[in-house]
Amino acid sequence: MEDKPKPKKTVTGEKEPPKKREGVTEKDKPEDSSHIPIVGIGASAGGLEALELFLGNMPPDSGMAFAIVQHLDPTHKGIMPELLQRVTKMKVIQVKDNMQVLPDHVYVIPPNSDMSILHGVLFLLDPAAPRGLRLPIDYFFRSLAEDRQDGSIGVILSGMGTDGTTGLRAIKEKAGIAFVQEPASAKFDGMPRSAINAGLADIVAPPEELPGKIIAYLRHTPTVTRPEPIIEEKSMNSLSKVFVLLREHTGHDFTYYKKSSVYRRIERRMAIHQIDNVNTYVRYLRENPSELDLLFHELLIGVTGFFRDPPVWEYIKENLIPILVREKPKETKFRAWVAGCSTGEEAYSLAIIFREAMDKLKPGRNYTLQIFATDLDSDAIEKARQGFFLPNISGDVSPERLSRFFAKEGNGYRIKKEIRETVIFASQNIIMDPPFTNLDILSCRNLLIYLEPKLQKKIIPLFFYSLKPGGVLLLGSSETVGPSDIFSTIDNKFRLYKRKDTYILPGMAEFPITSPSHSRELQHIDPPIRKEINLQALAEQLILRNYSPPAVLTTEKGDILYLNGRTGKYIEPPAGKANWNIFAMARDGLRYELSGTFQKVIREQGTITVRNIPVQGDREVYPTDCTVQYIIDPGALAGMILIVFSDAKATPKVKKPDKTSSASESDNERIKELETELRRNYEELRTTREEMQTSQEELKSANEEMQSTNEELQSTNEELTTSREEMQSMNEELQTVNAELQGRIEEFSRTNNDMKNLLNSTEIATIFLDENMNIRRFTIPATRIIHLIPGDEGRPVTDIASDLIYPDLVKDAEDVLETLIYSEKEIATRDNRWFRVRIMPYRTLDNIIEGLVVTFVEITSVKKKEYELIAARDLAEGIIATIREPLLVLDSNMKIIVANRSFYKMFNLHKEETEGECLYSIGGGQWDIPDLRAFLETVLPEEKSFDNYIVRHIHPKTGERIMELNARQILSDDPSSELILLAIEDVTDQKGGNIHEPER
């Protein structure tokens, strides 16, 4: 039997009428929908339990809206709204695109979507990647921070990984607040612990306690974002006291930070501690020095990230750096300063961009960039020095850059050595400490916006002082140099400015920058100061250039680093490929002595002088003294080798031996032998050196192969790391799906238990059949009718022995499946029991027919009563039929139920025209006698009977007859079924026409 597709039932939802909301207090209610407090909640693996505890303890009329973001399987239909609806009276909705946020509602992100918010409206976007390391919580939290500013609220619950940490940082930048689940109470503590370790958690508590803390926070902070808080004079005085305490505790003065920004952050700390005025908070600071540390870091919250504002970095890479290289062809080293670098992301971004630009330009010279990165927060500097970042940087750094400039390490990424060595980190107060100078690039983004305008005007000339003429200044998107004659604009959109070639005024930048009362305005321009001539330095340079001996500075391997003086008599470039090694360039006669001495100096780390070395020149042999020194001091040259050449004092110049001289023949022979031996030694040495060089080349080739193999292994490792990240992401999604399914299973289990108890308690035998008449399930009472055991599930019902005498069971079941009209029959069993068997279609929630439901209701007792009634009726009918006198049975409406044969015979009537008719209408209305009607309708109901009632009856055929009537009312529990028994006796002959009143 094939399954036919069934149409699915479509349910159209109706809009729920708006309900009245009661907020936390009257003052806490938002003025309009755009200022509803929106709580962003991030959860991942193990988050269902935490969400249930959170929403279960949140009042349904809090006035807040809740947006839940989870890691979901993109291919799995989300059932989170149904699961969460069980624990809260608030309406739980799965988000649809362009959905307006309403108070006292819970919004759940759907699968395979990223979510953002704009002016209180939720929008859905397609994710950048369907699988792998996705960061939907970070994405939404950033959007929430931009939309709600200092009214943004972020909550991190149980989950694996680090998603949400960067988003909380964005919320903290806007002076929002971060709530984090206590790691000990989380099923997976990765996400909560990451947020806490990053120093972003304002309040840490179990999920069931977080709702109360959020409500308490909202009671002590305004829900409406104020662009510029109005600070009263008393509050300003207290604010100054806060600055005093901060300066005493940390050594840093925040007096010239923008008051509105500082006051917002202080207000937030007050709201966390539920403090209503600044004076009380000042007292709290004095009593709790640890709060000063928290406030200090709160004021220094620097939200940074790799490649913030990507178009700016692209412009720097494609346009700015090539211009710097073209304008400064003689320089090979550029200097940059990143002020307010926080944890180093921006400094590393600049180093990466510079390296990519160099790779693209491929200039003939080797250009390098030295970056100085500074910040007031020493903790942030320490993190920046480590160069270790969480895996969520993949949201800002492309896979190509991750692969090239980062190394996977543990649960994160570490910046590679080539980039790390480019940056020098230092703790610095830009207001108090001297700046770096002679810079080509200066980046100070999103720092000036936190400073008072008067202080900004003093820092801009400081930047001018730090840069070279033509140097570039990069500011944040909300910052500018203002009207200035010392900077020209490169690109106003990207906030890029160029230092003009203007003479800088002495004293333009004062160090330290103090209060306005200590600074002096420049009144005049001093003429440039001419540098004094240093005769000593000039004389030393002249002496060194003209009188110092030839010398060579090499590495420990003999590679030449520096040449001094005329060294052509001692070294010369070898033929072939250029080789700047001292042993390859040394002339004949010097090479052998220099090699042994060089190695000995390295071993002993001392100085050795070899005298009278015969160095073969182009035409002559030069006796030479050679001094080899291992350098220890100065430190910059430590480990290098200095080789100094000088002519031997004995004979500055010796001519080559003349073979025709007058020396003795034996001496000549000896000289020839020595020359031959020396030549042979030279040849052996050359062969040994060549073999050694060949071995070195082979080792170098092997090393290159090993490096290539290492790179391949590293690439494989990165691929495995990517696969691991994807597996982790899928694991989180599966954890979420598993939690949802676990909740659904628990719900189904409860429902199943309820149904089982319901069916068993009703004692109604029930069997569930599929479309092929196979048993799917049955109740215990069914085993008393059909001999079922638990193993019979899945077997055809026709194969099971049954007590029912019901051969048409299968036929009736098939008819019900075909027509969808239920069947109901009374069926007997072999042991004389009776059941009402009802067969009905089995309908799913989607209105699909998937089998049959057969119920058996026992009616044995009803059948027995029915038989008894039938027997009683037959008996009564037999008695009535055997009585000779006419007899009628009337109902309460005087309709004739039964009449015996004597009645029909006496009054010449037929059954068809009598039964069911009213007594008063039969026989042409001859029984419509007023006295009889009165007795039947009035006297009888009161007295229940009457006897010997005499009436005169005129029959059309028999004439006048005298009848004696006797009546009895037969009572029952049902008034509508009351009957009247009326007996009629003909007493015409007995009364002789004399009519008497009936006895009552």
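The values are calculated or read from the model by the stated rules, or taken from the named source; none is laboratory data. Since this is a predicted model, take the numbers as computed values, not measurements. Cβ coordinates were reconstructed from backbone atoms using ideal geometry, including for glycine residues, and neighbour counts include every protein chain displayed.
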Next on the checklist: Would you confirm whether or not the stretch 612-631 contains a residue that is assigned by TED's automatic domain parsing to the domain that holds Lys577, within 29 Å of Lys557 (Cα to Cα) and either within 60 Å of the chain's Cα centre (by Cα) or at pLDDT below 70 (or both)?
Outcome noted: yes
Checklist entry - In the stretch 350-377, what residues are surrounded by 13 or more Cβ atoms within 10 Å (Cβ to Cβ) and of a type in the set (D, E, K, R)? => result Arg355, Glu356, Asp375, Asp377
Item to check | Extreme residue, farthest from Asp163 (Cα to Cα), among residues of the stretch 381-396 that are polar (S, T, N, Q) and touching a helix residue (DSSP H, G or I) at 6+ places or on another chain (Cβ under 9 Å) | outcome: Ser394
Checklist entry - Any idea how many residues of the stretch 880-925 are closer than 20 Å to Glu937 by Cα and of a type in the set (A, V, I, L, M, F, W, C)? => result 12
Checklist entry - When both residues are 6+ apart or on different chains and their Cβ atoms are under 9 Å apart, which pairs have a first residue that lies in the stretch 250-274 and is under 29 Å from Ile215 (Cβ atoms) and in contact (Cβ under 8 Å) with a residue 12 or more places away in the chain, and a second that is of a type in the set (Phe, Trp, Tyr) and outside any helix (DSSP H, G or I)? => result Val262/Phe254
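Matching residues to (1) within 22 Å of Glu49 (Cα to Cα); (2) of a type in the set (Asp, Glu); (3) out of contact with any Cys (no Cβ under 7 Å at 6 or more places or on another chain):
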site	(1), (2), (3)
Ile137	yes, no, yes
Asp150	no, yes, yes
Asp163	yes, yes, yes
Ala186	yes, no, yes
Asn197	no, no, yes
Ala201	yes, no, yes
Item to check | Criterion: surrounded by fewer than 19 Cβ atoms within 10 Å (Cβ to Cβ) and at pLDDT below 85 - qualifying residue of Thr502, Thr489 | outcome: Thr502
Checklist outcome for this item: Those residues of the stretch 358-398 which are closer than 17 Å to Lys416 by Cα, assigned to a helix (DSSP H, G or I) and β-branched (Val, Ile, Thr) amount to Ile393
Checklist entry - Can you tell me which residue in the stretch 328-354 is modelled with the lowest pLDDT, limited to those that are under 10 Å from Asp440 (Cβ atoms) and not in a strand (DSSP E or B)? => result Glu331
Checklist entry - How many residues are of a type in the set (A, V, I, L, M), modelled with pLDDT of 90 or more and part of a helix (DSSP H, G or I) if we restrict to the stretch 169-188? => result 1
Checklist entry - Are there any pairs with C-beta distances below 8 angstrom linking a residue in the stretch 35-52 that is at positive phi to a residue that is part of a helix (DSSP H, G or I), with the two at least 6 apart or on different chains, and if so which? => result Gly46/Gln735; Gly46/Ala739
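For every residue, the table says whether it meets (1) assigned to a loop (DSSP other than H, G, I, E, B); (2) touching a residue at least 24 places away in the same chain (Cβ under 8 Å); (3) buried (at least 23 other Cβ atoms within 10 Å of the Cβ).
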| residue | (1), (2), (3) |
| --- | --- |
| Pro111 | yes, yes, no |
| Pro127 | yes, yes, no |
| Glu146 | no, yes, no |
| Gly159 | yes, yes, yes |
Next on the checklist: Tell me yes or no: at least one residue of the stretch 402-411 is free of Cβ contacts under 8 Å to residues at least 24 places away in the same chain, on the phi > 0 side of the Ramachandran plot and small (Gly, Ala, Ser).
Outcome noted: yes
Checklist entry - Going by the conditions given, is Asp61 modelled with pLDDT of 50 or more, closer than 24 Å to Leu144 by Cβ and loosely packed, with under 13 Cβ neighbours inside 10 Å? => result no
Item to check | Criterion: closer than 30 Å to Gly46 by Cα, in a helix (DSSP H, G or I) and at pLDDT 75 or above - qualifying residue of Leu678, Leu713, Leu720, Leu685 | outcome: Leu720
Checklist entry - Taking interchain pairs and intrachain pairs at least six residues apart, which have beta carbon atoms under 6 angstrom, with the first residue in the stretch 380-401 and touching a residue at least 40 places away in the same chain (Cβ under 8 Å) and among the charged types (D, E, K, R) and the second assigned to a strand (DSSP E or B) and buried (at least 16 other Cβ atoms within 10 Å of the Cβ)? => result Arg385/Phe425
Checklist entry - Restricting the search to the stretch 779-821, which residues are surrounded by 13 or more Cβ atoms within 10 Å (Cβ to Cβ), of a type outside the set (Asp, Glu) and part of a loop (DSSP other than H, G, I, E, B)? => result Thr779, Ile785, Leu788, Arg795, Ile800, Tyr806
Checklist entry - Of the residues Asp831, Asp891, which is within 30 Å of Tyr920 (Cα to Cα), acidic (Asp, Glu) and in contact (Cβ under 8 Å) with a residue 12 or more places away in the chain? => result Asp891
Checklist outcome for this item: Note on the stretch 978-1000: residues modelled with pLDDT under 65 and outside any loop (DSSP other than H, G, I, E, B) are Lys991
Checklist outcome for this item: Filtering the stretch 591-613 for residues that are farther than 22 Å from Met640 by Cα and crowded, with 18+ Cβ neighbours inside 10 Å leaves a count of 1
Checklist entry - Pick from the stretch 318-342 the residues that are crowded, with 17+ Cβ neighbours inside 10 Å and not hydrophobic (A, V, I, L, M, F, W, C): which of them is farthest from Gly476 (Cα to Cα)? => result Arg335
